[in-house]
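**Student:** A single structure is presented below for examination.
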Amino acid sequence: TTTTEKKPYYQSQFVNEWWDNGSLPIWITAQRQGLKAGSLHFPGTASSYQGQVAMVQEVEPLLYNYKNETAWRENSDKVMSWFRDRDLDFVSLYFGEPDGVGHKYGPDSPERREMVRQVDRTVGYIRHSAERHGLTEQLNIIITADHGMSTVFRNGLVEEITLSKIPGFSFRDLSFHLLDYGPSGMLLPKPGKLDDVYNTLKGAHPHLHVYKKEEMPEHLHYSKNDRILPIILWADPGYVINGYFPVQFNNGEHGYDNQEMDMKPFFRAVGPAFQKNLEVGPFETVNIYPLMCHILGIQPEVNDGHLSVTKHMLVISDSRGSGDEKTNHLKNAFTGLAAVAGFLVVTFIAIMSQKMLKRKHKNKRSYSFRDAQSEPVQSSF
């Protein structure tokens, strides 16, 4: 937003300053503390951070088929070989489905359900691949996502939100805008036009919420960064925000209020660091980052997560080894993934860590997959 440039996601991966913005991905933090890290197709892999890149990296090619199950298996095997043959401690791996299918057909569609079955098969394949590579007793695996998916109302069932149709609103009053990206948008009014634009849009549609940057609800965590524009638009679930005219035809979207159940991802973990068959209550995704750092044995960057939220999942609850904690248990946690993912998963991620004795103390290896905000350095996972 500071450059007033717009690029598709793939091209944006190669605009280094958009990624190297004060935050650090966990693979850079791990390398700075003596570990070896890699990243395959994970957002941000193509960029350098304060002059550093992942020791081993692979960016997906242009026009990459994110749905190809054979490629998923090849990538899983490749990452396992990185651990075994290149002595890595951490790898991040990204799978772009069932996000694409969920957008195109909707989260409750037969196509989406079939893609979730593919995700489920891949989870099984990952575990078999770890076994074939001799990593089962060393590898911790976390499977999660960065958001959920909600059905978009279509077929004339609702009055769509189109800014150009709002009386009194004019794009001539704007210097820059980010619109037609689902249920949210941002506007940069021309000098002296902020209040006019704000007052015109406020209350103009019953399912459109309009905020000045400083008015954003605190639970959305969307007002502090200097890349956020002065006016922020937010739609209710089922609606998207169009600019000049409707150009969005997705049947599924994300980016709604993070308190909506449809927006919530899932979390699964297995490995020597984790208690077996343990069911835990809901927690915010930001708490996964300090958990990963703890398993890796590294000091986290400044972040909003807390290890205390996830510590009870671990066999050893702190670095000094305070012992196991007793909690309720869930049978067949991994077989439940497909049912959970069918409603919640958008992007498929797994994080794995491998424990070993090295560098004069006990470090641990980690592997992460994923369907993705500073004056002090912050974590960007």
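The values are calculated or read from the model by the stated rules, or taken from the named source; none is laboratory data. From a predicted model like this one, the values you see are computed outputs, not experimental measurements. Note: ideal-geometry Cβ built from the backbone for every residue, glycine included; neighbour counts use all protein chains shown.
Here's the yes/no breakdown for (1) in contact with a Pro (Cβ under 9 Å, 6 or more places away or on another chain); (2) of a type in the set (A, V, I, L, M); (3) within 29 Å of Gly100 (Cβ to Cβ):
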| site | (1), (2), (3) |
| --- | --- |
| Leu163 | no, yes, yes |
| Ile166 | no, yes, no |
| Leu178 | no, yes, yes |
| Gly185 | no, no, yes |
| Pro189 | yes, no, no |
| Thr200 | yes, no, no |
| Val247 | no, yes, yes |
| Asn250 | no, no, yes |
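**Student:** Also, quick follow-up: Is it fair to say Ser47 is under 18 Å from Glu97 (Cα atoms), in contact with a helix residue (DSSP H, G or I) (Cβ under 6 Å, 6 or more places away or on another chain) and either crowded, with 20+ Cβ neighbours inside 10 Å or at pLDDT below 90 (or both)? Before you say what the answer is, go through the steps one by one.
**Tutor:** Numbers: under 18 Å from Glu97 (Cα atoms): no; in contact with a helix residue (DSSP H, G or I) (Cβ under 6 Å, 6 or more places away or on another chain): yes; either crowded, with 20+ Cβ neighbours inside 10 Å or at pLDDT below 90 (or both): yes.
No.
**Student:** Could you look through region 249-307, keep only residues that are β-branched (Val, Ile, Thr) and part of a strand (DSSP E or B), and pick out the one that is farthest from Leu24 (Cα to Cα)?
**Tutor:** Looking at residues that are β-branched (Val, Ile, Thr) and part of a strand (DSSP E or B), I get Val270.
**Student:** Across region 97-150, which residue is surrounded by the fewest Cβ atoms within 10 Å (Cβ to Cβ) among those that are touching a Phe, Trp or Tyr at 6+ places or on another chain (Cβ under 8 Å) and of a type in the set (Lys, Arg)?
**Tutor:** Among residues in region 97-150 that are touching a Phe, Trp or Tyr at 6+ places or on another chain (Cβ under 8 Å) and of a type in the set (Lys, Arg), the one surrounded by the fewest Cβ atoms within 10 Å (Cβ to Cβ) is Arg127.
**Student:** If we scan region 94-101, do we find a residue that is at negative phi and modelled with pLDDT of 95 or more? Don't jump to the end; show me each part of the working.
**Tutor:** So the first thing to find is which residues in region 94-101 are at negative phi, and the list is 94-101.
Remaining after also requiring modelled with pLDDT of 95 or more: 101.
Yes: one or more hits.
**Student:** Which one is nearest to Ile141 (Cα to Cα) among residues in region 279-314 that are among the acidic types (Asp, Glu) and surrounded by fewer than 16 Cβ atoms within 10 Å (Cβ to Cβ)?
**Tutor:** Looking only at region 279-314, we keep the residues that are among the acidic types (Asp, Glu), and these are 279, 284, 301, 304.
Next, only the ones that are surrounded by fewer than 16 Cβ atoms within 10 Å (Cβ to Cβ) stay: 279, 284, 304.
Numbers: Glu279: 16, Glu284: 18, Asp304: 22 Å.
Checked region 279-314; the qualifying residue nearest to Ile141 (Cα to Cα) is Glu279.
**Student:** Looking at region 280-295, I want the residues that are within 16 Å of Val91 (Cβ to Cβ) and have a partner that is part of a helix (DSSP H, G or I) and not aliphatic (A, V, I, L, M) with Cβ atoms under 9 Å, at least 6 apart or on another chain. Which pairs are those?
**Tutor:** Going by the 9 Å Cβ cut-off, the qualifying pairs are Cys293/Thr29.
**Student:** Take Thr122 and tell me if it is of a type in the set (S, T, N, Q), part of a loop (DSSP other than H, G, I, E, B) and at negative phi. Give the derivation first.
**Tutor:** Values: of a type in the set (S, T, N, Q): yes; part of a loop (DSSP other than H, G, I, E, B): no; at negative phi: yes.
Taking the combined requirement at face value, the residue does not satisfy it.
**Student:** Something else: Which residues, counting only those in region 22-40, are of a type outside the set (Gly, Ala, Ser) and touching a Lys or Arg at 6+ places or on another chain (Cβ under 9 Å)?
**Tutor:** The initial filter retains those residues of region 22-40 that are of a type outside the set (Gly, Ala, Ser), namely 24-29, 31-33, 35-36, 40.
Scanning region 22-40 gives Leu24, Leu35, Lys36, Leu40.
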